[in-house]
1. Given points 7 Å out from each Cα along the Cα-Cβ axis, report the Leu671 to Val698 separation in nanometres with one decimal.
2. Relative contact order for segment 635-710: what percent, with Cα pairs under 8 Å and sequence separation of 6 or more?
3. Calculate, in nm to one decimal, what Asp407 and Ser176 gain on full extension: separation in residues at 0.36 nm each, minus their alpha carbon distance.
4. Please report, largest first and rounded to whole Å, the three semi-axes of the ellipsoid equivalent to segment 402-488, where each semi-axis is the square root of five times an eigenvalue of the C-alpha gyration tensor.
5. Given a 1.4 angstrom probe, what's the average accessible area per residue across segment 503-631, in square angstrom?
6. According to a simple spin-label model (label point 7 Å from Cα along Cα-to-Cβ), what is the distance in nm between Leu354 and Ser45?
7. Mind jotting down the distance between the C-alpha centroids of segment 457-498 and segment 162-214, whole Å?
8. Mind checking the dipole of segment 293-430: about its Cα centre, +1 per Lys or Arg Cβ, -1 per Asp or Glu Cβ, Debye to the nearest 20?
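The values are calculated or read from the model by the stated rules, or taken from the named source; none is laboratory data. The structure displayed is predicted, hence computed values, not measured ones. Cβ coordinates were reconstructed from backbone atoms using ideal geometry, including for glycine residues, and neighbour counts include every protein chain displayed. Quick note on the areas: whole protein, heavy atoms, side chains included, nothing else; ligands and nucleic acids left out. Shrake-Rupley method; radii C 1.70, N 1.55, O 1.52, S 1.80 Å.
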Amino acid sequence: MLMALTILMIGTPAFAQRSEKIEPLPITQDEREILPSIVVTATRSERRAVDVAAAIDAVFIDNIKQPRLGVNLSEVLDGVPGVLVRNRQNYAQDEQVSIRGFGARSTFGVRGVRLYTDGIPATMPDGSGQVSHFNLDSAERIEVLRGPFSALYGNSSGGVIQIFTADGSEQTEMRSGIVVGSYGTKRASTSVRGSSGAFGYNVSLSRFETDGYRNHSAARRNSGNAKLTWQVGDSGTLTVIGNSVDIPMAQDPLGLSAAQFRDNPRQATPQASLFNTRKDVSQNQLGAIYDFAIDDRQSLRIMAYSGARAVEQFLAIPAGAQTNPLQAGGVIDLDGDYSGGDARWTINTGALELTAGLSADSQRQQRRGYENFVAQQLGVRGRLRRDERNTVSNKDLYAQAEWRFADAWSLSAGARRSHVSFRNEDRYITATNPDDSGRRDYSATSPVAALLFHPDPDSSIYASWGKGFETPTFSELGYRSDGAGGLNFDLQPARSRNIELGAKRESGSRFRFDAALFRADTSDEIAVATNSGGRSTFRNVGESRRQGIEASLEARLAPRWKVNVAATFLDATFRSAFLTCTGAPCTNPTTPVGAASRIPGVAQRVLHGAMEWGDERGWRAGMSVDHLGSVAANDSNTEFADAYTVFSADLGYRFTLASGELHTFLRVDNLADKRYVGSLIVNDGNGRYLEPAAGRSVLLGAQWLWRAAR
């Protein structure tokens, strides 16, 4: 199929003739979404996407002009192939993010995918991360890197998602907006951008509230982000990034069984109400980046960051399960800090560009567990049951080079050496709960290589190869399957071997097409070992494979018409048979999983199509369709979420005034009010796998952009 696509791109005269007949149109601000994209995530230097031997997309973001809530990552990445971001309708667990099937098994937060904000890691050294502090109000774009070259970002690099904050504008401007909608949804935001001489700034604040589609799913979120830049002399730039997120209350409705979903998808489980399951989160982070041009060929980049994060979560673990003296309780209390840095040197001689660097990151957290009851009262903090100091750190060396050895050819190669260390210092030691302190270290070298050919300046064909690895997270190491305390020292990192063939074409501001074939073979895939006492333990299960094809098309069909189509076909299966646990309690896996079973959480088909009509002023309208194939909910493939297709539409009017712009919109999601499963709690021990998506929902918004007089 890729060969056919390549022939279409470079060998079909009719296609070339049609391209030549398209007259270039004047480029407006709205056309930035389909301009030849400039990306940096794959090569760590500015490059056109068509010049990069990797599958990478840049998604332009402007909450002022785009008709959406502006809170969730799933709102902006639906048109990127290979990527699936699923809104759980549960702000206590964050969104579910996967790239080519990596990360799909995560039951909370994000794992298996590296996350960054302006080059600063949002993924901890153990591979776990969160997107709750991604601020869309101040963002300029999000880049998504897929395939072998993701391994150059280290542990758990099944893919890379990086959000970039916009620089301060030359003309001072203020942006304010309000969005209201179904289920008590409200968002208010304001931001200021500008510059003064060598100083630039972009500061934004937002508040989000919702009653939730489901019962017991209300949430509040306050978010702030600031980017400050200074030109230092003639060749240096200092950038300071600060962000904060406060989630003072996010109720957790828990998952539903298939029978509960059929009966009423808006219900919360009885356990959620009984224990008042919920989460509170606060996080503050500050980072600085210094870019310095040593001369016209060499540059240096130094980054450092530090942050603090606190989490309190109330679970629905029955009081009876906590009679075991080794049980850690039903309230999780995490309080800690994290920090790190990265330094890299780049030299570009014209034909050869070389980058070499080193990075180090660490996370230190106090993990306490408490009973979730006092006497007969449930859902409150009770006696201390766990107290330990968790530390995880990484030290990495990396290098990558690109050699343009001919006019149309380039060769890229790189490697990263990673060392990840986990340490647990137990401070809760009793006669029936012995000292569980321990340490576990992992190391890996991840090489990558790629060859790229340009049939013409606006087209490319490439092949890439690489190896990656994924350590267990602290949550997966935290419990042993034999019931004893301490870390699960038997867990090995999952190691993958990746190949990719791709083709790209751009045509000015009118047209962009990408396609890629890929395969990732993984050894020591991590899967569930036991479910007991409200906890899951994990083990390695042998071989797995993720393979498929992805393609996307963006085009301006006429001056007022734009279209975006993205498709992913993914076959993700276990290649080795093993035994697993189903139901709870289960202390000994006995359910067979066949060698051809589907990896849970991964959809075989993901299709997205969108069309927009309108101009910079006046009326505009849009419509989109999304289709997701069926998804296995557990390793044994006995439970599935059905395939679905949903439609959305929006209508808006843009006013252009002397001092700025006013953008208004009305949006309706799930037009047919279809009942479907939005995301899954993979391998849930209680069989409550399903997280329902919202029914028909309406958003009404107004966004104001004010610019100071010149």
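1. Label at Leu671, label at Val698, 1.6 nm between them.
2. The normalised contact order for segment 635-710 reaches 32 percent.
3. Length gained between Asp407 and Ser176: 78.3 nm.
4. 49, 12, 8
5. On a per-residue basis, segment 503-631 sits at 38 Å².
6. In this crude label model, Ser45 to Leu354 measures out at 1.2 nm.
7. The distance from the Cα centre of segment 162-214 to that of segment 457-498 comes to 36 Å.
8. The dipole magnitude comes to about 460 debye.
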